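As structure tokens, the structure follows; a few thoughts come after it.
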Amino acid sequence: QAPKQLQPEEALAAQQVIAAYIGTIEALPPRCREAFVLHIFDEYTHAQVAKHMGISVSMVEKHIVRGMLACRKCERELSEA
């Protein structure tokens, strides 16, 4: 028997989780999404995101928090499904 992570139903479930998170991130307002992606995926610091986007560090923090809250909501919805 194949390892659990290689079984078709496990692979499908993982793809569905990834798709849910991508949808959540894509649904964020554009500037919020940009700040969130730069910080989480591109590993920019808050200061680097602020400089790159021409906004304050405080605004970057607000965008990142909004993105994290959206992802947590997505996670809760997935666990309830």
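Could you work out the relative contact order of the chain? I mean the mean sequence separation of Cα pairs under 8 Å and 6+ apart, divided by the number of residues, in percent.
Values: 47 pairs, mean separation 25.1, N = 81.
RCO, the chain: 31 percent.
Where the accessible area of the chain is counted over protein heavy atoms with a 1.4 Å probe, how much of it, in %, is carbon and sulfur? List each step's numbers first, then the result.
Details: 3340 of 5780 Å².
C and S fraction of accessible area: 58 percent.
Once the mean of 1/r is taken over each pair of separate Cα atoms and inverted, the chain shows a Kirkwood hydrodynamic radius of 14.0 Å.
Using helices alone, what [θ] at 222 nm do you get for the chain, with -39,500 (n - 2.57) per DSSP H run of 4 or more residues, divided over all residues and rounded to the nearest 500? Could the numbers behind the result be given before it?
Numbers: 4 runs with 62 residues, N = 81.
Result for the chain, helices only: -25000 deg cm²/dmol.
About its Cα centre, the dipole of the stretch 37-81 is roughly 180 debye, where the only charges are +1 on Lys and Arg Cβ and -1 on Asp and Glu Cβ.
Here Leu12 and Glu61 are evaluated by their C-beta separation; at R0 = 22 Å the FRET efficiency comes out at 0.05. With all protein chains kept in place, the per residue accessible area of the chain amounts to 71 square angstrom at a probe of 1.4 angstrom. For the set Val65, Val17, the ranking by accessible area, highest first and with no ligand, DNA or RNA atoms included, is Val65, Val17 under a 1.4 Å probe.
Run through the chain and list the GluC sites (Glu not before Pro) located in a DSSP loop whose Cβ has at most 10 other Cβ atoms within 10 Å. Working shown, then result.
Numbers: sites: Glu9, Glu10, Glu26, Glu34, Glu43, Glu61, Glu75, Glu77, Glu80; in loops: Glu43.
Those satisfying the criteria are Glu43.
Under unit Cβ charges (Lys, Arg +1; Asp, Glu -1), what dipole magnitude, rounded to 20 debye, does the chain have relative to its Cα centre?
Details: 9 positive and 10 negative charges, 69 e Å.
Dipole magnitude for the chain comes out near 320 debye.
When Thr24, Thr45 are compared by accessible surface with a 1.4 Å probe, the order from highest to lowest is Thr45, Thr24.
Restricting attention to the chain, which chymotrypsin sites (Phe, Trp or Tyr not before Pro) occupy a DSSP loop and are surrounded by at most 10 other Cβ atoms within 10 Å? Could you put the intermediate results ahead of the total?
On the way: sites: Tyr21, Phe36, Phe41, Tyr44; in loops: Phe41, Tyr44.
Filter output for the chain: Phe41.
The values are calculated or read from the model by the stated rules, or taken from the named source; none is laboratory data. Values in this document were obtained by computation on a predicted structure and should not be read as measured data. Cβ atoms come from the backbone with ideal geometry, glycine included; neighbour counts cover every protein chain shown. For accessibility, only protein heavy atoms count, side chains too; no ligands or nucleic acids. Shrake-Rupley method; radii C 1.70, N 1.55, O 1.52, S 1.80 Å.
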